[in-house]
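Below: the structure, in C-alpha cells.
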Amino acid sequence: MAKPNKKLPTRTVDISCAKCQAAIFKYHKGGKGALVKCFVERIAEDYTEQPCHCPGCGQEFARETLIRGTPAFKMIGGKVRMK
C-alpha cells in the first residue's frame, strides 16, 4: 500500500466542532472531497487537549487508527465542520 505524500499540500482548512463550533485543527488537506480522515503528520495546529475529543464540549469527533501504516484520525460523520 502506498503511503501519503511527504510533501504537504499548500491549502490549509479550519476544522471545527459541529456541535459547539470550537476550533479543533488547522489541517493541510489535499483534494476537494469531504473530510474522512486526518493524517497526524499533516496537522498544522492542534487545539485539542485530549486526542479525538472536542476542547469545547468534550464529545468524541474521531477515532485513532493506522491508515496505510501511518497514524491518522478517522472522522465520525457529522461531528466536524470544515472551512
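From the residues Tyr47, Ala34, Thr70, which one has its Cα farthest along the dipole of the chain in the positive direction, the dipole being from +1 and -1 charges on Cβ of Lys/Arg and Asp/Glu about the Cα centre? The one lying farthest along the dipole's positive direction is Ala34. Quick one: how many lysine pairs in the chain have C-alpha atoms under 17 angstrom apart, if they're 8 or more apart or on different chains? Lysine pairs meeting the criterion: 20. Note on region 3-51 and region 60-78: Cα centroid distance 11 Å, given to the nearest whole angstrom. Between Gln59 and Met1, the C-beta separation translates, for a Förster distance of 30 Å, into a calculated FRET efficiency of about 0.45. On full extension, the segment bounded by Gln50 and Thr70 gains 5.2 nm, given 0.36 nm per residue less the C-alpha separation.
Computed from the coordinates by the stated procedures, all read-outs in this text should not be read as laboratory data. Please read these numbers as outputs of a predicted model, since none were measured by experiment. Heads up, the Cβs are rebuilt from the backbone with ideal geometry, glycines too, and the neighbour counts pull from every protein chain shown.
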